[in-house]
């Protein structure tokens, strides 16, 4: 039976019926009405998306990247028309009944999420410390450090060597505390005008000069976005020297804010 | 003074997308829910990702409605 060769790929749920073909790059999208909302699906070959092949394919970036782009592209386009509950990549069902069982069991949860997320967007911020100026501008007269430097200047070479190591260690821990404090203040400021916010873990450095200080996502009402963005521009403008790089991305489907 | 080596916009975009859409894929056959293994997306693994992105057919590139505030 031909059905054995295909599985059902679920992209997302829509509150209102989207107009198709709106998705210019994927003509195989289907809309499945269910209760008061709509599941957006596509029939995909079992040879690519069955459990075994999928495990292999997911580790193959040349397979994964275009598929992920399609997944995100479909959801982003639908977001322009209606409230969308995005689903993770590769959420797959062997038959429509399995999908309907899931949708039925969670209908109330979906309705709650549609209510919550209507006219809202997710935005992301990553802040990088790009120079030591953050530290240097604020700590020219730290008493503890000055005292240590004075002591080093009059110490014997051996002692000075050890003391310098201790000083480096002390400076690093103070820097760390300062960056945490700055990041925390930034985060509190960025929360203004937002509905919800989540701080995510700091990612390791991609380049040697880069130090991530803040990684956060925010849920905003669409109408609040310009004000929020303006606020970020103000924060940047207020920096006397460009010590921080504020990387803003959005609007995103609300991956982080569904209950 | 060294330049701050910013990630190219496509690289940033791709990492942001993967960060959001990837998770355990769930295959439901019958009543059994099976989990596909997590993709271990390590931030440092971006170089591997990049070489794949460069070989992509441009037709597959999806326009992203992402705005940068700066």
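Structural remarks
- With a requirement of 3 or more residues that are closer than 30 Å to residue A:51 by Cα and in contact (Cβ under 8 Å) with a residue 24 or more places away in the chain, the strands (runs of 3 or more DSSP E) lying completely within region A:72-185 that satisfy it span A:84-86, A:91-93.
- Considering the conditions (1) within 24 Å of residue B:19 (Cβ to Cβ); (2) away from every other protein chain (no Cβ under 14 Å); (3) surrounded by fewer than 16 Cβ atoms within 10 Å (Cβ to Cβ), residue A:13 is excluded by exactly one of them, (3).
- Search result, residues across region A:83-97 that are closer than 14 Å to residue A:37 by Cα and within 9 Å of chain B (Cβ to nearest Cβ): A:86
- For residue A:53: the one exception among (1) outside any helix (DSSP H, G or I); (2) over 24 Å from residue A:222 (Cα atoms); (3) modelled with pLDDT under 90: (1)
- Residue tally, condition surrounded by 14 or more Cβ atoms within 10 Å (Cβ to Cβ) and more than 29 Å from residue A:236 (Cβ to Cβ), over region A:161-195: 4
- Count of residues meeting criterion [touching a helix residue (DSSP H, G or I) at 6+ places or on another chain (Cβ under 8 Å) and surrounded by fewer than 20 Cβ atoms within 10 Å (Cβ to Cβ)] in region A:86-102: 2
- Looking across A:51, A:62, A:122, A:80, one residue alone is closer than 26 Å to residue B:18 by Cβ, surrounded by fewer than 17 Cβ atoms within 10 Å (Cβ to Cβ), at the interface with chain B (Cβ under 9 Å from one of its Cβ atoms) and touching a strand residue (DSSP E or B) at 6+ places or on another chain (Cβ under 7 Å). It is A:51.
- Filtering region A:248-259 to residues that are assigned to a strand (DSSP E or B) and surrounded by 20 or more Cβ atoms within 10 Å (Cβ to Cβ) leaves A:248, A:249, A:250, A:252.
- Screening residue A:35 on (1) under 28 Å from the mean Cα position of the chain (by Cα); (2) at positive phi; (3) at pLDDT 90 or above shows it passes everything except condition (1).
- Residue A:236 closer than 25 Å to residue A:76 by Cα and either at pLDDT below 90 or more than 10 Å from every other protein chain (Cβ to nearest Cβ) (or both): no
The values are calculated or read from the model by the stated rules, or taken from the named source; none is laboratory data. Note that this is a predicted model, so its numbers are computed, not measured. Here the Cβ is made from the backbone with ideal geometry for all residues, glycine too, and neighbour counts use every protein chain on show.
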